[in-house]
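As structure tokens, the structure follows; a few thoughts come after it.
Throughout, read-outs are computed from the coordinates displayed, never taken from laboratory work. This one's a predicted model, so the numbers in the text were calculated from it and none came from an experiment. Here the Cβ positions follow ideal geometry from the backbone for every residue, glycine too, while neighbour counts run over all protein chains shown.
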Amino acid sequence: MFSVDMFYELLEGIEKHSQYLVRDLNLRDIQTWEEDMPRLNLQTVLTRSPLGLAFDIDGTLSPIALTPDEAVLHPEVPSLLEHARRKVYIAIITGRSIVNGADLVNIRGLTYVGTHGLEWCDGLPSENVVKIVPEALAYIEAGKYLLDLAEKELTALHGLVVERKLIGGSLHYRRCPDPSQAQQLIFSLLEQPALQLDMRLIRGRQVVEVKTPLAINKGYALRQFVEQNALQSIVFAGDDSTDLDAVLEVSRLRQEGIAALSIVVRHSDTMPELLERADIVVYGVEGMVKLLRILVAKL
């Protein structure tokens with residue numbers, strides 16, 4: 001069994017030793033090396049230009065917190081992103097509102113995409129114009145109604161946190177005494193009204209997302225980022241169910257000739273399909289930061 005340090009030293013030299021990528025990067029030990037599975041060489045992705053790096057926030061660059069307001073970036077992330085942005089294009093693609101996500105990262109010169117692709121800003125929203133998908137504006141009142149209903153009728157659900165966004169929002173039940181029961185109560189209350197209002201309820205990691213029916217998601221946002229900057233290579237990293245659309249988009253971009261690669265940050269409750277579709281799997285935010293450190297050093 002390799003040690004962790006030996007493993008990451010091997011990863012740093014992977015372009016010299018293998019035409020395959022290691023899919024599972026475990027901070028405790030190495031669990032999988034699938035040499036029968038051809039993948040894009042990591043060095044190929046990093047050397048093709050223009051290159052873009054795109055990241056989810058929560059559970060990827062920031063350890064999972066009990067509530068959105070308690071989340072903070074891993075302490076190494078700001079300096080790594082600051083260094084990387086001088087050499088490549090960087091996007092933050094989050095389910096948070098664009099203002100909330102940008103406040104958490106707070107680095108100039110990045111592209112910020114909020115509410116799963118509905119909001120877009122080249123640079124910090126406090127200093128630049130925020131673009132909103134026009135079709136989404138018709139769903140502002142519907143989203144507000146559903147969140148108002150949850151706040152009014154679920155007062156007995158102790159620990160529930162309602163996160164409001166310009167369009168839709170999120171119902172976080174991580175702090176609830178019985179998370180499974182909390183999810184059932186949320187769906188029992190909102191499922192029928194959501195159908196009537198043509199809104200969608202999406203399950204995430206101990207959260208229910210209140211979303212529009214528009215075919216706009218993190219995959220759509222990733223493609224827009226690639227096309228806007230005429231990227232020839234792209235790396236996306238995420239960890240939750242709403243990141244699956246971006247992971248699937250990576251595969252489509254690769255079929256079109258873009259050097260595209262997906263990284264999934266594994267947690268105890270990561271959905272199996274996300275892990276199966278990933279090119280690289282790292283264990284926890286610590287694993288993501290360790291890999292990010294290597295990627296940035298190679299730019």
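Given +1 at the Cβ of Lys and Arg, -1 at the Cβ of Asp and Glu and no other charges, the dipole of the chain around its Cα centre is 560 debye to the nearest 20. For G204, the residues whose amide H sits under 5 Å from its own are E209, ignoring neighbours fewer than 5 places away on the same chain, with H placed 1.01 Å from N.
How much length would be gained if the chain were fully extended between Q181 and E82, taking 0.36 nm per residue of separation minus their Cα-Cα distance, in nm to one decimal?
Numbers: separation 99, 0.36 × 99 = 35.64 nm, distance 4.22 nm.
Stretched fully, the Q181-E82 segment lengthens by 31.4 nm.
Which label belongs to the value computed from this structure, given these candidates for volume of the Cα convex hull per residue in Å³: (1) 131; (2) 147; (3) 200? Here the calculated entry is (1).
Annotation: peptides 159-166, 90-97, 190-197, ranked by per-residue average of other Cβ atoms within 10 Å with the highest first, follow the order 90-97, 159-166, 190-197.
Counting other Cβ atoms within 10 Å of each Cβ, which GluC sites (Glu not before Pro) in the range 196-291 have at most 11 and sit in a DSSP loop?
Details: sites: E209, E227, E249, E256, E273, E276, E286; in loops: E256.
Counting only loop positions with at most 11 other Cβ atoms within 10 Å, the GluC sites (Glu not before Pro) in the range 196-291 are E256.
Within the same chain, lysines fewer than 8 places from K87 are excluded, and of the rest, those with a Cα less than 26 Å from its Cα are K16, K131, K218, K290, K298.
Which helices, taking whole DSSP H runs in the chain, have alpha carbons extending 18 angstrom or more along the helix axis plus mean Kyte-Doolittle at least -0.5?
Numbers: long enough: 140-153 (20 Å, -0.29); 179-196 (26 Å, 0.02); 284-298 (22 Å, 1.04).
Span-like helices, by this rule, are 140-153, 179-196, 284-298.
Of all DSSP-defined beta bridges confined to the chain, some 40% are antiparallel rather than parallel.
Among the trypsin sites (Lys or Arg not before Pro) within the range 175-268, those in coil by DSSP and having at most 16 neighbouring Cβ atoms inside 10 Å are R175.
Over the residues of the chain, the helix contribution to mean residue ellipticity at 222 nm works out to -11000 deg cm²/dmol, using -39500 (n - 2.57) for each DSSP H run of at least 4.
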